């Protein structure tokens, strides 16, 4: 098939049509071509799609049939207008009822002209302008908002302008409310400010309310409200509907707002830049209101600007007040003020100009009209007179560093107190005042202070000054002597640092009261602490002072420790005197030691009595604290070393003066401490002297600081007081003891008189009984029964004689025949007999001292004393035991007093007998020397053993003591005076060898006929030639008439006409070589009254035995004896 041929024009036209059709269909908007009757000639795909047609179905369709009648009519009119005018027509509209065409459309009808120039076709297309319209509406709305914002900003600018113009907040808050209403469209608003005093909101301005409220949200009616939340959180709050919001506190608040015509409200806090809430800006609405975000932001901006205005107003008001105060201060201050500008040349100050001065400047300086003038013009030559002044002012103006100085202005002859500071570089301000009078006063005070210091430095008391805080500003040199600190060491320290701790609070209260009430004088007592830790009592005089703006306390401290101690000693003396009657000696001592510890700060106290021998300790007493805390072990309780073994505490006795040991550990002669005794660091021991003798020592120890002479004085005073009371008590005790001893002595005297009264007759009768019984027993012709009876008679008479001797010994009436003896020799001669006496189960220990002092006494008395003491010791030992006999020399340095009798000082021989038996009960100790007192079973003791010892010791001018501890034993100590006469031989004289009786002639003289007969019978039986005489006169007569030699005179001592001694003298004149033997049955005191006996006399006591008489006669005849 042949293809048709196209020319180029046809091809070009075809290409153009294809392009146009492509573009026609590509247009997204609905477009079609119709004829003048509305028939669609051609349509694009958008048209077909809008009306639900296919593209092929569109040509030939009447477009008016696709529209509703109203719209079709509207469109016909528009087409007719285009056909009539031949012009393009555009209009807006919506295709009502068309399900596709929603929103707003812009319709365009364009005429197409035919060849003859008439309109034959129309091109119609629709454009969706919904977004365009929305944009236009948004632009219009934005313009409206912008207009409103511009109005709001105008309001803000108006508010700022108003504040700047007025300079205060008057009328500002009304403008703020107007601006808030303009922003929100509200007719009601308020500004409430936080009251500085109460913190509550107060109404500053309000608008739109028929009945303006005075308080925040009707506080009085509704209580807490939504404002409280804004104040706490400082956050903006919008309440769209008060009837529905949870931000409203309660029904009353809702009712209150509704009553004001308020349905909605917003509250914006007014907070300044530092975060402080200044108030709340509120707007109110009669309807439910939901503001835009920009509205809230504008309100926030308005509130912030208002807060800034308020803050600026407050600052400007404060600044104004400050300026007013400054101007007032500048004009009315009592100081002269000058504001000056420094003039420099090459950065060197050369002059300055007064730019402003106050009124006081002229009055102070006398310089007038100085403003605007140079100082060199005001005071010519000042730079030459006071060049340093310009340097100082120039330095401050340049550096800005404030300086103060006191300056003598030579040109004005005036002292000035000048403060210089700089407000800006090159300028300075001087504030000054005339101090000429003050400087004169200070100079006078300086002179006065020199005098004050010269006086205080010479005073023994500490003078001190403190500031108002209690810091020491001055202390005199006496502080070093009293406190141990130098003045420099205490300056700047609080005065309370030198008080003991429990005094500080009281001292501070007194100090503050003195400052507060300006007390002129107070005299007080405090306890102070020295540098070494010692505490002392001080009397302080306090006086308030004020001097040139400074004030404080002037004080004077006087050490009154000695006075307080003296007062304490006096009080202690009165205390002891009150207690003396009821207290024992031990209690008085304990009180003394306790008080001594308290006053010296010691913790150990003791006192020992020293015996007259200056060796023995008789009583040891301790303070309460010592007994409680230091003597913790039983073996060490209440004990010190014996004096001979004592360490440093006994130095006071050895050196006879007070001893201070402040470094106890360093002492070489100290002894170890008993178990349980704490360490001793310091010690003070003082001897108590009475005359030349030490009666006691008193000691204290472990004071915190060293002991000194003040402690010695105190302890000596207290010891003296105590000792006076003790001496009185001892005197009272001695008086009581003397009364007791007097009763005892009276009893002894009664027994002695009884014994002495019957001794002579009793002894004579016993002598007759013993003699005749013994002679009868010599008869070998006697039957056994009669011999036994005679023996019983003899034994009973012997016992009676022994009993008489014991009674006489106890009563000190036994005749003495004293000799100078060595006590050791006598005792050694008795040891065998004593061992047999005490038995084999008991050990006898003999401990003699060599070179023992001799004694002058009857050896038979020694025998009786020792036998009785040993028998007593034996009876005290139950089974196996030990008896110790000991002798030693003792020197007593002062008279002794025992049992009410006073003996002399000097050399003594001590005989002691001790045992480890059962001891003596305390209840029996006061009766052991009384006659007939015994603790033995009935029939086992006469009760005369110790009483005999007691009597014999006293008869020989000695004294006896004993000590006993029940269950541990007893010790008897017998002191005999040492013999100081001629030397003697310690060898014992041996009796002459016995020989048969001779035929010598013996003259017997006795006034008792029975004794005379018995003596004659005994001697005649021994072979002697016997002459008898019943009286001394008869004896002399016989002697004168006798032709032969009379060899022996045996005579009684006590006879009616003449005593035996005088008779012997008479007989000696007749027979110069005659020997004499005395006999007597009388007591020692009666014999003594008749001339007595001595150691050169021969004496035989009645009753005597045959053997005793014959041996004594034989011994007298054959042993050489000196004449009486």
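The values are calculated or read from the model by the stated rules, or taken from the named source; none is laboratory data. Note that the structure is a prediction, hence the values are computed from the model and not measured. Here Cβ is always computed from backbone atoms with ideal geometry, including for glycine, and neighbour counts include all displayed protein chains.
In a residue-by-residue description of segment 596-615, the property of being loosely packed, with under 14 Cβ neighbours inside 10 Å, modelled with pLDDT of 75 or more and either in contact with a helix residue (DSSP H, G or I) (Cβ under 9 Å, 6 or more places away or on another chain) or part of a strand (DSSP E or B) (or both) applies to no position.
Mind listing just one residue for me: the one in segment 82-93 that is assigned to a helix (DSSP H, G or I) and exposed (fewer than 14 other Cβ atoms within 10 Å of the Cβ) and, of those, farthest from the chain's Cα centre (by Cα)? Filtering first and then ranking leaves 84.
If you check 180, 205, 196 for being modelled with pLDDT under 90, within 29 Å of residue 314 (Cβ to Cβ), in the same structural domain as residue 311 (by TED's automatic domain parsing) and in a strand (DSSP E or B), only one passes: 205. Picking from residues in segment 1043-1054 that are touching a helix residue (DSSP H, G or I) at 6+ places or on another chain (Cβ under 9 Å) and modelled with pLDDT of 85 or more, the one that is farthest from residue 1001 (Cα to Cα) is 1052. State whether the residues of segment 983-1000 include one that is at pLDDT 85 or above and in a strand (DSSP E or B). So far as segment 983-1000 goes, no, none of its residues is at pLDDT 85 or above and in a strand (DSSP E or B).
Answer with yes or no whether residue 434 is surrounded by 17 or more Cβ atoms within 10 Å (Cβ to Cβ) and modelled with pLDDT of 85 or more. For residue 434, the condition - surrounded by 17 or more Cβ atoms within 10 Å (Cβ to Cβ) and modelled with pLDDT of 85 or more - is not met.
Among the residues of segment 843-863, those that are assigned to a helix (DSSP H, G or I) and in contact with a helix residue (DSSP H, G or I) (Cβ under 6 Å, 6 or more places away or on another chain) comprise 859, 861, 862.
Taking strands (runs of 3 or more DSSP E) as the structural unit, those lying wholly within segment 476-566 and holding at least 2 residues that are under 30 Å from residue 437 (Cα atoms) and more than 26 Å from the chain's Cα centre (by Cα) correspond to 535-547, 550-559. Taking segment 669-707 as the range and being outside any strand (DSSP E or B) and at pLDDT 80 or above as the test, the residues that pass are 680, 681, 682, 702, 703, 704, 705, 706, 707. Within segment 884-896, is there a residue that is assigned to a strand (DSSP E or B), more than 21 Å from residue 865 (Cα to Cα) and modelled with pLDDT of 70 or more? Within segment 884-896 (the criterion being assigned to a strand (DSSP E or B), more than 21 Å from residue 865 (Cα to Cα) and modelled with pLDDT of 70 or more), the answer is yes, since at least one residue qualifies.
The number of residues in segment 1037-1069 being surrounded by fewer than 20 Cβ atoms within 10 Å (Cβ to Cβ) and not in a loop (DSSP other than H, G, I, E, B) comes to 10.
Among the residues of segment 211-252 satisfying the criterion of being over 28 Å from residue 301 (Cβ atoms) and at pLDDT 75 or above, which is surrounded by the most Cβ atoms within 10 Å (Cβ to Cβ)? Checked segment 211-252; the qualifying residue surrounded by the most Cβ atoms within 10 Å (Cβ to Cβ) is 252.
The single residue among 382, 418, 401 that is assigned by TED's automatic domain parsing to the domain that holds residue 355, crowded, with 18+ Cβ neighbours inside 10 Å and at pLDDT 85 or above turns out to be 418. Selection within segment 244-254: residues that are in a helix (DSSP H, G or I) and in contact (Cβ under 8 Å) with a residue 24 or more places away in the chain. The member of this set that is nearest to residue 285 (Cα to Cα) is 253.
The requirement of being surrounded by 14 or more Cβ atoms within 10 Å (Cβ to Cβ), assigned by TED's automatic domain parsing to the domain that holds residue 177, under 30 Å from residue 237 (Cβ atoms) and out of contact with any helix residue (DSSP H, G or I) (no Cβ under 6 Å at 6 or more places or on another chain) is satisfied by residue 261.
Can you tell me which residues in segment 506-539 are closer than 17 Å to residue 470 by Cβ and in contact with a helix residue (DSSP H, G or I) (Cβ under 9 Å, 6 or more places away or on another chain)? Answer for segment 506-539, where residues must be closer than 17 Å to residue 470 by Cβ and in contact with a helix residue (DSSP H, G or I) (Cβ under 9 Å, 6 or more places away or on another chain): 507, 508, 511, 519, 522, 524, 526, 528, 529, 538.
The set of residues in segment 266-313 that are out of contact with any helix residue (DSSP H, G or I) (no Cβ under 8 Å at 6 or more places or on another chain), part of a helix (DSSP H, G or I) and in contact (Cβ under 8 Å) with a residue 24 or more places away in the chain comprises 296, 300, 303, 304, 307, 308, 310, 311.
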